[in-house]
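Read through the structure below, which is laid out as structure tokens, and then see the notes.
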Amino acid sequence: MDAPPSGAMFSQRGQPSKLLNHNGDILSFQFIHSLASGGESQRGSELRVTRMSFHRETKAFPIKIEGMTVINKSSSTSVDIVDCASVVDVKVGLTVPCLLLKQRKKKGAHFKYILLTVSHSNSLCPHLEFKLLYEIKDNLTFLQGPTVLWRNAGIIYYMSLQVGEVKPVPLRLSSVSFIGELPLDKRKIIIFGSQISSKERTVDAQADVWGQRNLGYFLEEGKEFDGAWVLPHAYSSVVKCMLLISAEEDEDGLKSTVVAATCRKQLVWFEGGAPRDICVLPFEEPQNILMVDTGRNGCFFAISFSHGNVCTVWKDSFQVASCWQGVFSLLVDDFVGCGTDQALILFDDHCHPGAAPTNFIITDLGDITYTSNPESSEGLHGADTVQENHLLTVQALESRLQSGMASIQDLQRDLEEKERVVRQSARALTDLVSGREHALPSAQQEGLVSLWDDDDDDEDEEGLGEELLAPPPALPTVVEKVWHRVMEDRLVVGVQLTADAAPLLESASLSFLIEAGQGPAPPVVQAKCRSFRLPRPAPLIPTGLSGLEPPAKRKKPDQAGAAGLGTEPRLTVTAVTELAPLLACASLPCRVLLHLAAAPWRPGGPLAMHCGFIGLDIQDTAQGKLTPPLLNDRTLTTAEASEDLLSLLAASDSWCFQIGCSDHTLFDMPQWLLGALRCERLLVQPDFILSDPQRLPSPMLFQWQERTPFTGELVVYCRGLHRLLQFLDSLCRCLPPSHWIHPRGQKRAEQDPVQALASSLEREALALREGVASLLHRVTSREEAEGLGWVEGTADPVTTGSAPTDCVPNSPADELHRHRAEWGRERERSRRRLSPLVDTEHYRRLVAALSQVQLETDIAALDLCEAWPLPTAPCPD
């Protein structure tokens with residue numbers, strides 16, 4: 001019942017190389033031991049890290065990144081790879097590859113273990129170290145944290161950066177069948193195994209009969225539970241490995257669904273601690289069970305055995321589907337980039353350590369099948385060698401398809417109807433905003449269009465949906481870190497983008513997806529998203545400069561810090577939502593999705609990317625552990641302080657005020673804020689000033705920018721109009737009578753500077769077009785009125801065209817005089833159109849309005865230059 005290693009399945013710990021799947025790629029770790037010149041003694045060890053990704057057209061795994069790292073330079077120390085796995089790093093909220101190394105001196109008595117994490121650029125970062133007097137051999141498992149668990153002499157030990165030391169689990173098990181996390185609550189670690197029962201401790205009659213009993217243990221809570229909730233005691237001595245599909249705590253115990261493989265060539269399905277179905281396995285000595293989710297094709301289990309044997313079993317029909325022999329490793333991931341899982345089977349032959357695999361199969365037992373050797377694909381249809389009657393497997397598959405056909409069709413129809421309504425609503429809303437009249441087609445108005453059988457549209461919509469949901473085969477790393485804070489009754493989640501990807505992305509937003517459990521449906525989470533570009537944290541400012549010193553003295557450290565430290569803006573996308581719905585669904589995993597309107601690697605349209613998970617705990621929230629520490633300690637200059645500042649900006653409303661004086665020097669706003677109001681300047685961003693919590697119950701942020709010696713802008717960040725009115729009342733009392741203050745609405749910096757400049761230019765063009773059109777319309781109206789006077793022939797002899805009295809009607813002179821008059825009228829009309837005479841007052845108002853709009857455009861351009869400083873060109877030699 002010993003659990004297998006979590007790294008490459010069939011590469012034993014004695015071998016120098018390991019394989020690991022991560023985000024659709026394959027990572028290969030190989031130790032290269034360099035020898036001395038004589039070739040007899042070992043001189044040092046180097047670790048080669050190779051990242052490979054599958055290419056559909058060539059059906060191969062080309063090498064993307066490869067690097068070498070020197071681990072040990074001493075010949076008296078041996079270093080080996082113990083195991084590897086991909087787990088969640090709680091610091092950044094992302095899944096990272098981990099590698100455990102074993103180091104031992106030849107004359108030493110202890111073993112030193114080093115846990116390394118691998119970044120997207122194949123760089124190795126030490127995470128934790130610990131020493132043991134023995135070698136880890138049994139039940140090595142990696143879980144989120146990362147947390148390392150293993151078993152020695154019947155005792156389970158664990159170590160993590162949060163724990164800080166190696167701690168034993170106060171539970172002795174004769175064998176361990178499962179160490180993992182609860183499917184619906186990733187924060188709870190469960191240990192499950194069997195224990196030899198004694199008459200003093202046995203309280204269950206079944207455990208006394210079978211001599212052993214199953215026992216479970218929650219690591220964080222330190223609480224034991226009866227293993228009969230998961231597996232009957234009768235299976236305690238025969239189960240070799242198991243997979244926990246679902247588990248939920250209730251008043252009666254633990255409701256679970258488990259698949260377990262026994263030593264009697266059986267795969268058993270358990271629900272609530274009772275067996276429900278049994279499948280006969282083709283091989284003996286099972287080692288591990290993995291579940292592969294293929295999307296529409298359903299799910300199947302991949303069971304690995306000793307001696308390189310693998311078989312797959314359908315989850316619905318619980319029948320053997322395929323089997324292979326001579327397998328080197330079995331990995332499960334989205335290798336082809338279609339959005340669902342596939343199984344990668346690597347065979348023993350043509351698989352050299354550190355090189356790209358040359359003999360493999362990628363399959364989901366459905367439409368997706370890639371193989372490097374066509375002959376090896378025969379194993380996909382080799383169930384007839386395992387099942388004596390192949391017809392039973394075919395009938396089971398047909399029954400599975402027929403039973404789910406009706407429900408799938410109903411769900412598909414409902415989804416199509418919802419998508420159609422959403423599209424029509426979006427078009428109607430677009431027409432309403434644009435001022436156009438929205439009209440439905442006449443056929444739909446009469447109810448003659450079917451709502452269920454639009455085959456052509458359904459295929460296009462289905463293809464479009466798959467295009468939006470399916471990730472590209474090789475997405476670059478965009479997300480650098482995911483964090484969250486609690487601000488009163490709001491939750492602020494931030495996603496910091498990498499420096500390379502931030503300048504290339506536009507219109508980024510976040511959304512939350514709560515996975516539904518067995519209870520009621522989770523609520524829809526609505527969030528307000530913003531994007532911020534803040535420079536990197538500034539260096540420490542001396543304490544004397546944060547008080548009431550003159551502005552000239554305070555600017556020197558800022559300029560020095562800007563010159564010595566790169567102030568490249570970092571893009572962070574934030575989302576603010578209500579805290580209560582997420583606390584009510586704290587037991588359900590909540591995903592964070594990043595939505596991009598356009599990306600350079602995906603020109604086809606919008607893209608949604610999974611960033612990570614966020615977890616909330618009512619006790620941590622009540623104790624204020626998620627509250628920004630910046631509110632209590634303003635001297636913080638770490639990255640967490642920048643996250644606290646962004647959470648304050650995202651959760652607060654902002655107002656911008658223009659303050660000026662025409663005939664006096666401008667009021668010293670920073671000195672008044674730091675002195676009279678007892679505010680403090682933030683060291684992490686000296687441009688922001690934070691209010692004193694003893695004077696104001698809720699935090700307020702201030703940002704002052706002096707535009708000219710006589711005008712400046714003050715931006716106030718706070719929650720609630722009442723706090724704002726109190727502050728404005730204090731400000732108006734302190735301002736001299738010669739000063740004036742005007743509100744400018746919402747802060748422009750909350751919007752993307754590029755979008756703000758584009759909107760200002762668009763408003764300027766519209767104002768110019770509408771103003772000129774209004775002037776010309778007035779001129780045209782006056783000319784039409786004057787033209788009517790000409791037709792009536794009252795005044796102008798040139799324009800009336802009245803004939804002389806001595807001319808004979810219809811004579812050539814009369815015709816000539818009439819044509820000359822028409823030509824004169826046309827010339828006068830053309831002159832007035834080319835050089836129209838406009839009203840002076842109306843023209844003056846137009847020029848004033850255009851000047852104000854152009855001023856706003858200039859300010860938006862200035863904000864853009866301040867947000868994105870231009871690079872300095874090198875001086876010529």
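Every condition in (1) open to solvent by less than 50 Å² (accessible area, probe 1.4 Å); (2) of a type outside the set (Phe, Trp, Tyr); (3) within 27 Å of residue 229 (Cα to Cα); (4) modelled with pLDDT under 90 holds for residue 267 except the one numbered (4). Just wondering, is there one or more residues in region 122-135 that are at pLDDT below 85 and closer than 30 Å to residue 498 by Cα? Within region 122-135, one or more residues are at pLDDT below 85 and closer than 30 Å to residue 498 by Cα.
This table checks each residue for (1) under 21 Å from residue 131 (Cα atoms); (2) surrounded by 13 or more Cβ atoms within 10 Å (Cβ to Cβ); (3) modelled with pLDDT under 80; (4) of a type outside the set (Lys, Arg).
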| residue | (1), (2), (3), (4) |
| --- | --- |
| 3 | no, yes, yes, yes |
| 14 | yes, no, yes, yes |
| 35 | no, no, yes, yes |
| 67 | no, yes, no, yes |
| 81 | yes, yes, no, yes |
| 100 | yes, yes, no, yes |
| 104 | yes, yes, no, no |
| 112 | yes, yes, no, no |
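Can you tell me which residue in region 175-233 is farthest from residue 87 (Cα to Cα), limited to those that are at pLDDT 65 or above, among the β-branched types (Val, Ile, Thr) and not in a loop (DSSP other than H, G, I, E, B)? Within region 175-233, the match that is farthest from residue 87 (Cα to Cα) is 196. For region 283-314, the set of residues classified as surrounded by 18 or more Cβ atoms within 10 Å (Cβ to Cβ) and more than 16 Å from residue 363 (Cβ to Cβ) consists of 283, 286, 287, 288, 289, 305, 308, 309, listed by residue number.
Looking only at residues in region 706-719 that are open to solvent by 10 Å² or more (accessible area, probe 1.4 Å) and within 30 Å of the chain's Cα centre (by Cα), the one that is modelled with the lowest pLDDT is 719.
Matching residues to (1) outside any strand (DSSP E or B); (2) at pLDDT 90 or above; (3) open to solvent by 30 Å² or more (accessible area, probe 1.4 Å):
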position: 323; (1), (2), (3): no, yes, no
position: 331; (1), (2), (3): no, yes, no
position: 337; (1), (2), (3): yes, no, no
position: 343; (1), (2), (3): no, yes, no
position: 350; (1), (2), (3): yes, no, yes
position: 358; (1), (2), (3): yes, no, yes
position: 366; (1), (2), (3): yes, no, yes
position: 375; (1), (2), (3): yes, no, yes
position: 380; (1), (2), (3): yes, no, no
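Beta carbons closer than 8 Å, at least 6 apart along the sequence or on distinct chains, pair a first residue in region 166-180 that is within 12 Å of residue 191 (Cβ to Cβ) with a second that is assigned to a strand (DSSP E or B) and among the basic types (Lys, Arg) for 173/151; 176/151; 177/240. Per the conditions (1) over 20 Å from residue 496 (Cβ atoms); (2) hydroxyl-bearing (Ser, Thr, Tyr); (3) at pLDDT 75 or above, the sole criterion not satisfied by residue 587 is (3).
If you take the residues of region 571-584 that are open to solvent by 60 Å² or more (accessible area, probe 1.4 Å) and outside any strand (DSSP E or B), which of them is modelled with the lowest pLDDT?
Let us first name the residues in region 571-584 that are open to solvent by 60 Å² or more (accessible area, probe 1.4 Å), namely 578, 580, 584.
Keeping just the survivors that are outside any strand (DSSP E or B) gives 580, 584.
Details: 580: 82, 584: 78.
If we take residues in region 571-584 being open to solvent by 60 Å² or more (accessible area, probe 1.4 Å) and outside any strand (DSSP E or B), then 584 is modelled with the lowest pLDDT.
Wholly within region 616-690, which helices (runs of 4 or more DSSP H) include no fewer than the required count, namely at least 2 residues that are closer than 21 Å to residue 728 by Cα?
Working: elements: 618-622, 639-651, 669-675.
In region 616-690, 639-651, 669-675 are the helices (runs of 4 or more DSSP H) which contain 2 or more residues that are closer than 21 Å to residue 728 by Cα.
Listed by position, the helices (runs of 4 or more DSSP H) inside region 785-877 whose residues that are over 30 Å from residue 755 (Cβ atoms) and at pLDDT 60 or above number at least 3 are 812-834, 840-867.
The values are calculated or read from the model by the stated rules, or taken from the named source; none is laboratory data. A quick note: this is a predicted structure, and the numbers were derived from the prediction, not measured. Note that each Cβ is placed from the backbone with ideal geometry, even for glycine, and that neighbours are counted across all protein chains shown. Keep in mind that these areas ignore ligands, DNA and RNA; they rest on the heavy atoms of the full protein, side chains included. Shrake-Rupley method; radii C 1.70, N 1.55, O 1.52, S 1.80 Å.
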